[in-house]
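What follows is a single structure, written as structure tokens, with notes after it.
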Amino acid sequence: MDLDELSDRTEIAAVLTRYTRAIDTGDFDRLDTVFTPDARIDYTESGGIADGFEAVKPWLAEVLPAFFPRRMHTLGQVEIELAGDEADVAAYFHNPMPTTAEDGSEKIVEFGGIYHHRMVRTPDGWRSRELREEIVWKRT
């Protein structure tokens with residue numbers, strides 16, 4: 001592995017961290033540093049939408065705080081397959097989110113799965129052009 005490949009892998013890992021931090025902190029404008037403007041995002045396996053970044057970003061900002069006011073991702077294994085200025089990235093995640101149950105008590109909804117990104121090198125650095133969230137398990 002040469003220095004350029006190490007740099008690319010480090011930058012891609014930073015994109016993944018920016019994504020989870022943006023979602024968890026509610027700083028949804030930070031997603032502009034994660035996705036290309038024409039990115040396609042698919043959250044259908046967790047009950048969400050599939051659409052372009054322009055539609056998904058405001059949807060996240062509206063829906064996540066309403067249903068899950070607190071969020072906390074943990075990323076696990078990350079596989080990066082580099083091919084020039086593109087990369088296929090698979091990142092395991094665990095995402096527990098406290099919410100209010102029908103009886104008013106707090107309950108934890110947990111998702112475990114894999115984020116599948118298609119990343120591209122842009123003038124501003126690596127960005128995700130496509131994200132598909134694969135849900136492996138869910139606990140409510």
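Read the figures in this text as sums done on the coordinates, not as results from a lab. Owing to the predicted nature of the structure, the values given are computational and were not obtained by experimental measurement. FYI the Cβ positions are ideal-geometry reconstructions off the backbone, even for glycines, and counts take in every protein chain you see.
Computing Rg and Dmax of the Cα atoms in Å for the structure here picks out one of (1) 19.3, 60; (2) 15.4, 56; (3) 15.4, 48, namely (2).
Secondary-structure-derived ellipticity at 222 nm for the chain, considering helices only, amounts to -9500 deg cm²/dmol, per-run term -39500 (n - 2.57) for DSSP H runs with n ≥ 4.
If R₀ is 25 angstrom, what is the calculated FRET efficiency for the pair ALA66 and THR140, using the beta carbon separation as r and rounding to 0.05? If you can, show how the numbers build up before the last one.
Values: r = 17 Å, r/R0 = 0.68.
Rounded to the nearest 0.05, the efficiency is 0.90.
Relative to the compact-globule estimate of 2.2 N^0.38 Å, the Cα radius of gyration of segment 17-80 comes out at 1.10. When both bridge partners sit in the chain, DSSP labels roughly 90% of those beta bridges antiparallel. May I ask for the angle, rounded to the nearest 10°, between helix 3-25 and the longest principal axis of the chain, with both axes built from Cα atoms and the value confined to 0 to 90°? Rounded to the nearest ten degrees, it is 20.
The residues neighbouring GLU110, those whose beta-carbon lies less than 12 Å from its own, together hold a net charge of +4 under the Lys/Arg +1, Asp/Glu -1 convention.
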